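The values are calculated or read from the model by the stated rules, or taken from the named source; none is laboratory data. Predicted model, so just to flag it, every value in this text is computed and none were measured. Positions of Cβ are backbone-derived with ideal geometry, glycine not excepted, and every protein chain shown enters the neighbour counts. For accessibility, only protein heavy atoms count, side chains too; no ligands or nucleic acids. Shrake-Rupley method; radii C 1.70, N 1.55, O 1.52, S 1.80 Å.
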Amino acid sequence: MENASVYPVPQEEAAVAESILAVIVDNEPGVLSRVIGLISARGYNIESLTVAEVDAEKHRSRITVVTRGTPQKIEQIKAQLGRLVPVRRVIDISEETDALTRELALVKIVSTGDKRVEAMRLAEIFRARPLDTTHTSFIFEVTGARDKINAFLDLLKPLGLTEVSRTGVLSIRRGSEAE
Amino acid sequence: MMTLLDKTEARAPAQSAPVAELEPTQKAGAELLLDALEEQGVEVIFGYPGGAVLPIYDALHQRETIRHVMVRHEQGAVHAAEGYARSSGKVGVVLVTSGPGATNAVTGLTDALLDSIPLVCITGQVARGLIGTDAFQECDTIGITRACTKHNYLVGDARDLPAIVHEAFHVARNGRPGPVLIDIPKDVQFERAEYVTRRVARQRNCIVTPPVQPKEIERAVELMRQAHRPVFYTGGGVINAGVEASAALRALARETGFPVTSTLMGLGAFPASDPQWLGMLGMHGSFEANNAMHGCDLMIAVGARFDDRVTGRLDAFSPGSRKIQIDIDPSSVNKIVKVDMPIIGDAGTILEALLTQWRKRENEAAAARSRLSEWNAQIQTWRGKNSFAFKNSDQVIKPQFAIERLYQMTRGKDVYITTEVGQHQMWAAQHFHFDDPNRWMTSGGLGTMGYGLPAAIGVQIAHPDALVIDIAGDASVQMMMQEMSTAIQHDLPVKIFILNNEYLGMVRQWQELLHDGRYSHTYSESLPDFVKLAEAYGGAGLRVEKPGELDDAIKEMLAIDKPVLFDCRVSGEENVFPMIPSGAAHNQMLFGGAFTGDEVSKEGRVQV
């Protein structure tokens, strides 16, 4: 497709990679809109986003953004986020070797017979926990890295997968260093 | 977790207790606001009253410490504050009402955001209990202005108001400056609370300028010592960094012998009369400036952001150079062009550190000069092209000639120039020359037609005895023409020098270049009689149509001690040259003459 923008698209030579950013913010009205607004206004991608208060005394929230881009683009996103007044810190989790990332998914399977048995077996392999059961359905809770959850969902597709709810990625750095 | 209602409702019961009314040191929110503005050194507010700011206007009425300049349109208030801020180095303050007051201010705020002008804009809001109910003159000011301010605040409680004002000024001034908005619900303006001084107010650790890194300075100077074809590429950031930064730039340029070019926004930081000055660069910049940028081996960008008007085709931008970028804003570095060495910090501080480091080696100046001799000779050849030259006429006034005469006849005066946006703006940048910073106010980033007249008003407020001229076009000037009334009311003798070519000239030029001269809706039909219009407002009007009458008319304009609309009838078909067409590189400039129709590449045609 031809460039739809009126501005030129510079040839991006560097490889596009996924990046996980933890953004520590003052929990004040509108802070989430600021972060999301900045990302959408500048045309960056968001693959997942989670947010919750993590320190009630200091009114700090942690926003975890999964985004994609060239290294230059990711640096730009970090710098732009860093300019926002309520943003206290931007941590590039993907720069860390072996950072821990987890996501939780709730999955509804509607099936009977062999398919139902197979879904049960897969759930065991993925250490998914059944939260609710009827004769024709299961709801599983599964946690893990995003790839693991994607793999689980792919396998469940032919087995009656009907509904999915995911938290988006959470992340934390290994070792003793704190935010 | 982050809804507005949570916070306001949670706090609402605490504040209306009758005990608070009796506390003698407590004041109404409107008074707290003015106290905080006073403490921040605010002398002037540009504003327009309305229902949601009545308590603030009432408080203002009883104070003589702050002057209020009433405008005729809220956009004018913001541009006036921009002119005030840009010409004085202070923060401009705007006060407007809710709803339409706030939405009318949006263009001005966006303009200030793109050109990094420090402003604090106070907007009224409907009472807290009415927010979200589509009340009369309610709009989601915070939502609307989030994208066009550096930061904005909704004041949920009068107790927070002083600290918010102090932080707003901190945010507006520091880092890359910009507009900050404070939205104050009407009941908060009545609500009573204690004042909090700047010193004890809650200080968030935001927008901190890092200290100079000696290692970076050493490495940068090492690159400068090795350069054979260096150039300083300076921008509006040098102006924002204050007169000290301009002084440091001059000193460093003189000692190193490096040539200097500047963006539209940076004009005046380096004196145009200096032999090392290359003129403005970019789309309508000089031949020598653009070629120096293209051919340099070391580019030192100072407070400049590699705007598309400056870089031209990106993949052909200054291909053979190492690049040092000095900027106070980390997000401006490597945004468009990848640089070899970013230095984050205040332009003045960094330039001074570079100078100190440069001076550490003796005889450096002499060595540099001999190293640069070939480069200087090359630049001299480019200068010989005389790229701003135009063909004059004794029949019609050429717009370039009009500006040349205006420049010559105002030399030696304490003169400040503002412009609107379009051809006249480029001619002013090319033919009016600035030797000092803060003398040139123009809308560079957003390109806002209508900026110049209200900006001139703001400049005249900051410099009551100076000569303030808005170099305007016949189309732009009509966008904020109502501000003539403001100028009259406040005795501001601004001179509006209209280059009247009866066209939306720049758009017409692009139609000639890109659309085979099909001038779709760019002829200014039904222009007003500017002379009568000026008189109707209570100002003076002058019209000149022949080149021979120009000097006398300018002399007459300068002698009039009230606002003047100067209708300078100029030739209609003149184009701005030189020009780097869209999609072309710095060394592919067009010069005077008619367009042939194939100047712009296919890729270039889709660009603005």
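Peptide B:147-158 has a mean of 2 when you count, residue by residue, the C-beta atoms of other protein chains within 10 Å of its C-beta.
Charges only on Cβ, +1 for Lys and Arg, -1 for Asp and Glu: so what's the dipole of chain B about the Cα centre, in debye to the nearest 20?
1680
If you roll a 1.4 angstrom probe over the protein chains with everything in place, what fraction of the accessible area of the stretch B:298-346 belongs to carbon and sulfur, to the nearest %? With neighbouring chains kept in place, the figure for the stretch B:298-346 is 49 percent.
What percent antiparallel are the DSSP beta bridges of the protein assembly as shown, to the nearest 5? DSSP beta bridges in the protein assembly as shown are roughly 40 percent antiparallel.
Counting only Cα atoms, the size of the stretch B:209-278 along its three principal axes is 33, 32, 17 Å, in decreasing order. Summed over both chains, the accessible area lost when B and A associate is about 2300 Å², using a 1.4 Å probe. Placing unit charges on the Cβ atoms only, positive for Lys and Arg and negative for Asp and Glu, gives the protein assembly as shown a dipole magnitude near 1680 debye about its Cα centre. Summing charges over all other residues whose Cβ lies under 13 Å from the Cβ of residue A:18, with Lys and Arg as +1 and Asp and Glu as -1, gives -1. For the stretch B:345-466, pairs of C-alpha atoms spaced more than 24 angstrom apart make up 53 percent of the total. Think of the protein assembly as shown as having a plus end and a minus end, set by charges on the Cβ of Lys, Arg, Asp and Glu; of A:31, B:388, B:40, A:31 sits farthest toward the positive end of this dipole. Pairs of Cα atoms nearer than 8 Å and 6+ residues apart set the relative contact order; for the stretch B:504-600 it is 26 percent.
Relative contact order, whole percent, for the stretch A:83-151 stands at 37, derived from Cα pairs under 8 Å and 6 or more residues apart.
When the Cα positions of B:256, B:423, B:592 are compared along the charge dipole of the protein assembly as shown, B:256 comes out farthest toward the positive end, with charges on each C-beta of Lys, Arg, Asp and Glu. Each residue of the stretch A:30-43 was assigned a 3J(HN,Hα) from its phi angle through the Karplus curve 6.51 cos²θ - 1.76 cosθ + 1.60 (θ = phi - 60°); the sequence is x, 5, 5, 4, 4, 5, 5, x, 4, 5, 6, 5, 9, x Hz, with glycine and proline shown as x. When each of the peptides B:79-88, A:167-176 is scored by how many other beta carbons lie within 10 Å of its residues on average, the order from highest to lowest is B:79-88, A:167-176.
In this structure, the pairs whose alpha-carbon distance is over 21 Å, taken from B:150/B:495; B:413/B:532; B:215/B:360; A:78/B:150; A:73/A:148; A:115/A:157, are B:150/B:495; B:413/B:532; A:73/A:148. The residues of the stretch A:23-49 listed by number as losing at least 50 Å² of accessible area in the complex, against the isolated chain and with a 1.4 Å probe, are A:29, A:34. Among the protein heavy atoms of the stretch B:399-503, carbon and sulfur supply 41% of the accessible surface, probe 1.4 Å, non-protein parts ignored.
Over all directions, the average projected area of the alpha-carbon convex hull for chain B comes to how many nm²? Averaged projected hull area, Cα only: 29.0 nm². Three principal axis extents describe the C-alpha atoms of the stretch A:138-179; from largest down they are 44, 15, 13 Å.
Computed from the mean reciprocal separation of all distinct C-alpha pairs, what Kirkwood hydrodynamic radius does the stretch B:371-426 have, in Å?
In the stretch B:371-426 this quantity evaluates to 14.4 Å.
Over chain A, the ratio between the Cα radius of gyration and 2.2 N^0.38 Å evaluates to 1.24. Evaluating kT/(6 pi eta Rh) at 10 °C and 1.306 mPa s, with the Kirkwood radius of the stretch B:105-168 over Cα pairs in the Stokes-Einstein relation, gives 123 µm² s⁻¹. In the context of the full set of protein chains, residues of the protein assembly as shown present 42 Å² of accessible surface per residue (probe radius 1.4 Å, heavy atoms only). Taking the Cα centre of chain A as reference, the dipole from Cβ charges on Lys and Arg (+1) and Asp and Glu (-1) amounts to some 280 debye.
Calculated on the Cα set of the protein assembly as shown, radius of gyration then Dmax: 29.5, 100 Å.
Annotation: the antiparallel percentage among DSSP beta bridges lying fully within chain B is about 5.
Averaged over peptide B:324-332, the number of partner chain Cβ atoms lying within 10 Å of each residue's Cβ comes to 3. Per-residue 3J(HN,Hα) values for the stretch B:120-127, derived from phi via the Karplus relation 6.51 cos²θ - 1.76 cosθ + 1.60 with θ = phi - 60°, read 10, 10, 9, 10, x, 9, 5, 4 Hz in sequence order (x marks Gly and Pro). In chain B, Cα pairs under 8 Å separated by at least six residues give a relative contact order of 13 percent.
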